[in-house]
Structures are given as structure tokens and as C-alpha cells.
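The structure under discussion appears below in the form of C-alpha cells.
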Amino acid sequence: MLQAGNINHITPFLTTVSQSQVEAIMGAAYLILEQTGCTVDHPLALKLLSDAGARVDGNRVTVPRHVIQNALALAPKGFVMYNRDGQPAMDLTGNNSYFGTSTASPNQRHAWNISENPPVWKILNGEPG
């Protein structure tokens with residue numbers, strides 16, 4: 001529970017899909033990644049995916065179900081993000097969630113004039129927007 005002044009804010013737990021719906025969504029995602037795949041434009045990411053067992057053809061990557069399931073099994077179930085002073089800032093474990101803007105979205109739009117802004121990583125790397 002968060003406290004702001006004298007107001008208590010309770011974070012509700014919300015379930016919007018059933019377990020069978022989750023399984024159907026996961027099954028569809030597996031099929032898409034196995035059969036259609038995705039485009040990956042980063043050489044190191046292509047190598048990491050290939051080394052993990054994905055099929056790489058140019059920048060098109062298809063990923064077998066067992067590779068995805070292995071990655072999910074090895075991924076941490078949550079983590080804590082820290083601020084610049086080394087203090088915990090966001091506990092991303094359990095059912096915790098946070099909302100805010102994303103500075104790395106590939107298709108950001110300016111809030112006032114709706115023009116497209118380049119992602120921050122491109123600006124930092126000196127790449128054209």
C-alpha cells in the first residue's frame with residue numbers, strides 16, 4: 001500500500017483472462033514465433049538467438065517452442081530496479097506494477113504536435129531519427 005500525505009492508495013489485483021485463455025494466447029504466440037518469426041536488426045541479438053537454438057535467415061528469426069520455453073524457465077520471475085544512488089526504486093516482483101512513460105519506444109509521438117520523435121537510444125548513439 002502506498003501513502004501520499006494522509007491518503008492510502010491500495011493497488012488492486014485484477015485478473016482479466018482465464019487460465020485457458022492464457023494458454024490459448026501462449027499457444028498462438030508459440031506458433032507465430034515458430035512459423036512466421038520476426039525481424040531482428042541487431043547483429044549481437046541475431047548471434048545470441050542463433051546460439052540459443054533459433055533459426056536465423058538474414059534478419060528473419062524463427063524460434064522453436066523448446067527454445068522459448070527454456071528461456072522462460074531461465075528468466076528471473078522478477079527483479080528490483082535501483083536508482084543512481086543504489087537505493088531500491090522499483091520492486092518488479094510478484095504482482096507489483098508501475099506506470100510511466102517509455103523513453104525507448106521506437107515510435108514516440110510528441111505530446112503537443114503529434115510529430116514522431118526518434119527513440120532516445122538513437123539520439124544517444126548519434127543516429128538519425
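The values are calculated or read from the model by the stated rules, or taken from the named source; none is laboratory data. Predicted model, so just to flag it, every value in this text is computed and none were measured. For neighbour counting, all protein chains shown are included, and Cβ atoms are generated from backbone atoms with ideal geometry for every residue, glycine included. Just so you know, the surface numbers come from the protein's heavy atoms only, side chains and all, with ligands and any DNA or RNA stripped out. Shrake-Rupley method; radii C 1.70, N 1.55, O 1.52, S 1.80 Å.
Some notes on this structure:
- Screening the candidates Ala45, Ala104, Ala89, Ala29 for the property of being surrounded by fewer than 12 Cβ atoms within 10 Å (Cβ to Cβ) and either within 16 Å of the chain's Cα centre (by Cα) or at pLDDT below 95 (or both) yields one hit, Ala104.
- Of all residues in region 48-67, exactly one satisfies the criterion of being open to solvent by 90 Å² or more (accessible area, probe 1.4 Å) and under 29 Å from Tyr98 (Cβ atoms), namely Leu48.
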